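Okay, structure first, notes after.
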Amino acid sequence: MKLSKNSNKPKIKNIGTIANGSLGPLVSLEEHVHPDWWAQIFNSLYLKTDGDIVNDSLITLNEINEIEKILGLEQELKILDLCCGQGRHLFDLARRGYENLEGLDRSNYLIQKAKKLSRQESLKIGFKEGDARNLPYLTDSFDVVLILGNSFGYFETLQDDLRVLNEVFRVLKPWGRLLIDLADGEFLKKQFQPRSWEWIDNKLFVCRERSLSIDEDRLVTREVVSHINKGVVADQFYAERLYTPEKLTHILKKAKFRKITFPLSFSTDSKRGQDLGMMQRRIMTLAHVKKEWSESKQKQNFQRRRIAVLLGDPKKPDLLKPDKIFDDDDFYTIDRMKAVLNGLQGFHFSYINNHDRLIEDLKRISGNIDFVINFCDEGYGNSPQQELHVPALLDMLKVPYSGSGPQCLAYCYDKSLVRGIANEMNIPTPRAQLVKSKDSRVELSFDFPVLAKPNFGDSSFGITQHSYARNPEELIDAIQDIREKFGYEKPILVEEFLVGKDLSFGIIGTPPSSYIALPIVEEDYSKLPPKLPQICGYEAKWRPDSPYWNIKSKLANLPENIEQKIVAWSIQIAERLECRDYTRFDWRLDGIGEPRLLEVNPNPGWCWDGHLAKMAKFANLSYEGMLRAIINAVEKRLGLI
């Protein structure tokens, strides 16, 4: 951090949001706006600071009445509410009988809230978390796209705004329509309030500062939210582009929209009746799409997508499995996956599992398939050390494939390396120490208890109840046990044992642009004998006769700020490591309830009863839905849809 010329205090730039504190007086607001402020600010606090509008059912009712009039909506139309927030407009449409409704928003908190409310009311609405610049929908999918509540113009560059409109144009059907409800930029540029404050409720109040950006293209806002007992709750900054009808018409035309009109201009009237900010004066913009049906859409009616599924070799030994071979459970898992895939409409699947002729088979199908689904998490020749060899081979043969590439798999196979990358990114991890293969003594810089585990590997290889150590003697025994029972002679990672909740979080898609965030799950150790350490290791996954076999996964009950940290940090490190299509992250809370990253798992288990499938189930996504979502993520990344 750099020191200000006029102060001994550190000057913090692009901070975005300060929780539980304030930066104090500032000369410039703009330099404190984080480029991705919109990825952090839309949480429960937003529903309070803006609650006089976004939680007012009468305002929503009146807005939907106007939208129906402008668009002449029919209930069979397929409608996408882009940047839908907690889904207030979609709920009102669903209650009126509309059934083909979809909502997408970047905020994990708001999307999860929308899903919960939708389940409570049994409303048929599809909600997804994602980036408006890279929509997870097929070309020519929607009759109407709505961008409401001043949800356009958040990005730093006009180019990103244009990317949003290009994506909207793509997913709209020929003759589809876009309706944007946006702040009147010309009015706000002249009439914005530089300073204001208002009571949110009996205990919270917000003070606001505003200024124009240097180029006068955006309105920069600072919100200091305070609690009468707790003090400053948040000091947050954001900037929104000021669009005039002329500027909006120009960018819509660049995105190939036609027949652009402005059917309504209106003012917002809230019950608090105080500072309305960007929502004070708004305009509705209607634009039309004129295009041909996409060629890919036409081809899908006559030709199925050709996909080869690459699996482990059942004829070869597999050292990670208890009996070192594929058993009946493995064949059942494979057959269940095949049954689901073969039932998907629009696809033709073939399967490759003979690793002795893998190169020849891949050369033979190259050019005759659309892509490979790489479900070979056993590794080339069923060797976990050679899991990265499979995507490397596919890269060499120029065959497109699902999942992460060889570099990502190499990084994540090394637990100590992932820890270093996470720490570099200020993502917290447990304290740990690497014990080399020739080390005969271990002197730790942190306290017991600890957990010893192989530094290289996955599938909980080498992690058993005997990996837990309460003192130096037990630690030496734990290390020896790993080396003797598992024949492991490589470095061993010794971590402090965290006593908090044992958590897993998964995504389907490729950050940062397009992904689905699944609910966080927690390991339920209630049926585990108290004397055993609470770990979900090798015994829980591979030993039915072990007490650990009774461990179940349940939906995690976490404070909102903890859940937000886990999601945000997971997405950040997934992007840094270049994880693709589907990824799982293992976390554990420490003694004061703060999350610590344990591992990153690219290409995690795809089986019907695995952790990813459990998370998907809590998101009301069936096993079929999970596999279809993974395929859709691959298609999207490869530009096939």
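The values are calculated or read from the model by the stated rules, or taken from the named source; none is laboratory data. Keep in mind it's a predicted model, so treat the numbers as computed, not measured. Positions of Cβ are backbone-derived with ideal geometry, glycine not excepted, and every protein chain shown enters the neighbour counts. To get the accessible areas, we keep the full protein, side chains included, count just its heavy atoms, and leave off ligands, DNA and RNA. Shrake-Rupley method; radii C 1.70, N 1.55, O 1.52, S 1.80 Å.
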Original post:
From the list Ser213, Ser226, which one is open to solvent by 10 Å² or more (accessible area, probe 1.4 Å), touching a Leu at 6+ places or on another chain (Cβ under 9 Å) and of a type in the set (Gly, Ala, Ser)?
Top reply: Ser226
Original post:
Within the bounds of the stretch 156-170, is there any residue that is outside any helix (DSSP H, G or I) and open to solvent by less than 20 Å² (accessible area, probe 1.4 Å)?
Top reply: no
Original post:
Counting only residues that are more than 16 Å from Arg419 (Cβ to Cβ), outside any strand (DSSP E or B) and open to solvent by 10 Å² or more (accessible area, probe 1.4 Å), how many does the stretch 573-593 have?
Top reply: 6
Original post:
(1) at pLDDT 90 or above; (2) closer than 19 Å to Ser107 by Cα: which one isn't true of Ser514, the others all being true?
Top reply: (1)
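Looking only at the stretch 337-364, count every residue that is assigned to a helix (DSSP H, G or I) and surrounded by fewer than 16 Cβ atoms within 10 Å (Cβ to Cβ) and tell me the total.
Number of matching residues: 9.
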Original post:
Consider Leu475 against the criteria (1) within 22 Å of Pro595 (Cα to Cα); (2) more than 33 Å from the chain's Cα centre (by Cα); (3) crowded, with 21+ Cβ neighbours inside 10 Å: it satisfies all of them except one. Which criterion is unmet?
Top reply: (1)
**OP:** Answer yes if at least one residue in the stretch 276-286 is at pLDDT 90 or above, of a type in the set (A, V, I, L, M, F, W, C), touching a helix residue (DSSP H, G or I) at 6+ places or on another chain (Cβ under 9 Å) and assigned to a helix (DSSP H, G or I), and no otherwise.
**Re:** no
Subject >> Every residue from the stretch 589-630 that is charged (D, E, K, R) and closer than 21 Å to Val450 by Cβ >> reply: Asp590, Glu594, Arg596, Glu599
Original post:
Filtering the stretch 428-472 down to residues that are among the hydroxyl-bearing types (Ser, Thr, Tyr) and touching an Asp or Glu at 6+ places or on another chain (Cβ under 7 Å), which residue is surrounded by the most Cβ atoms within 10 Å (Cβ to Cβ)?
Top reply: Thr464
Original post:
Within the stretch 184-203, can one find any residue that is touching a Phe, Trp or Tyr at 6+ places or on another chain (Cβ under 9 Å), part of a strand (DSSP E or B), at pLDDT below 95 and open to solvent by less than 20 Å² (accessible area, probe 1.4 Å)?
Top reply: yes
Original post:
When you go through (1) open to solvent by 50 Å² or more (accessible area, probe 1.4 Å); (2) part of a loop (DSSP other than H, G, I, E, B) one by one for Ser151, which number turns out not to apply?
Top reply: (1)
Original post:
What residue, among those in the stretch 503-548 that are polar (S, T, N, Q) and part of a loop (DSSP other than H, G, I, E, B), is surrounded by the most Cβ atoms within 10 Å (Cβ to Cβ)?
Top reply: Gln534
**OP:** Considering each of Leu394, Leu409 in turn, give the residue that is touching a helix residue (DSSP H, G or I) at 6+ places or on another chain (Cβ under 8 Å), more than 19 Å from Val600 (Cβ to Cβ) and part of a helix (DSSP H, G or I).
**Re:** Leu394
**OP:** Would you be able to tell me the number of residues in the stretch 307-336 that are among the hydrophobic types (A, V, I, L, M, F, W, C), assigned to a loop (DSSP other than H, G, I, E, B) and open to solvent by 30 Å² or more (accessible area, probe 1.4 Å)?
**Re:** 2
Original post:
Of these, Gln564, Gln572, which one is in contact with a helix residue (DSSP H, G or I) (Cβ under 8 Å, 6 or more places away or on another chain) and farther than 20 Å from Gly312 by Cα?
Top reply: Gln564
Original post:
What are the pairs, 6+ residues apart or on separate chains, where a residue within the stretch 473-497 that is touching a residue at least 24 places away in the same chain (Cβ under 8 Å) has its Cβ under 6 Å from a residue that is part of a helix (DSSP H, G or I)?
Top reply: Ala478/His466; Ala478/Ser467; Tyr488/Ile482; Ile492/Ile479; Leu493/Lys415; Leu493/Ser416
Subject >> Near pairs, Cβ below 9 angstrom, 6+ apart or cross-chain, from the stretch 626-639 (in contact (Cβ under 8 Å) with a residue 40 or more places away in the chain and open to solvent by 10 Å² or more (accessible area, probe 1.4 Å)) to any residue that is part of a helix (DSSP H, G or I) and small (Gly, Ala, Ser) >> reply: Ala629/Ala616
